[in-house]
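The values are calculated or read from the model by the stated rules, or taken from the named source; none is laboratory data. Given the structure is predicted, the values throughout are model-derived calculations rather than measurements. A quick note on method: Cβ atoms are made from the backbone with ideal geometry, for glycine too, and the neighbour counts reach across all protein chains shown.
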Amino acid sequence: MGWASMAQRMLGVSIRTFSEPSAAIDPDGAVYWLTDGVSPGVALAQAVFDSAHVAVDPETGAPVSSSNPVLGVRLIDLPNKPTSRDRVRARGELYSINDVQPDGVAGVTIILRKA
């Protein structure tokens, strides 16, 4: 078994472990891939979504750090190569793709922003 094959299998185990619920279990909580932004999209069986957070200074109320929401997936689980025209619906919110960061082997981290 080669390196790429082992990486693919290990990434699959990680994503299955931390994945959002499937559309069959929770249609509203599932992650949907909208190719070219077209609804209703394809439910992704395995995708890890991490929502944005903003830390606020308790003294001033000003934001001191933030991060964009991200989606972690295996490339083979996507219906197409990610483009800026695609959209993601996760936990009932619609997101556009801000950046795509391949891991060089089997997966991709997609940086999102609210659409």
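Numbers below:
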item	result
Unmet criterion (only one of (1) at pLDDT 90 or above; (2) surrounded by 18 or more Cβ atoms within 10 Å (Cβ to Cβ)) for E20	(1)
Residues of the range 84-111 that turn out to be outside any strand (DSSP E or B), touching an Asp or Glu at 6+ places or on another chain (Cβ under 7 Å) and crowded, with 16+ Cβ neighbours inside 10 Å, as a count	1
Any hit, the range 71-93, residues being touching a residue at least 12 places away in the same chain (Cβ under 8 Å), touching a His at 6+ places or on another chain (Cβ under 8 Å) and closer than 19 Å to I111 by Cα	no
Count - residues of the range 26-83 that are surrounded by 12 or more Cβ atoms within 10 Å (Cβ to Cβ), β-branched (V, I, T) and not in a helix (DSSP H, G or I)	6
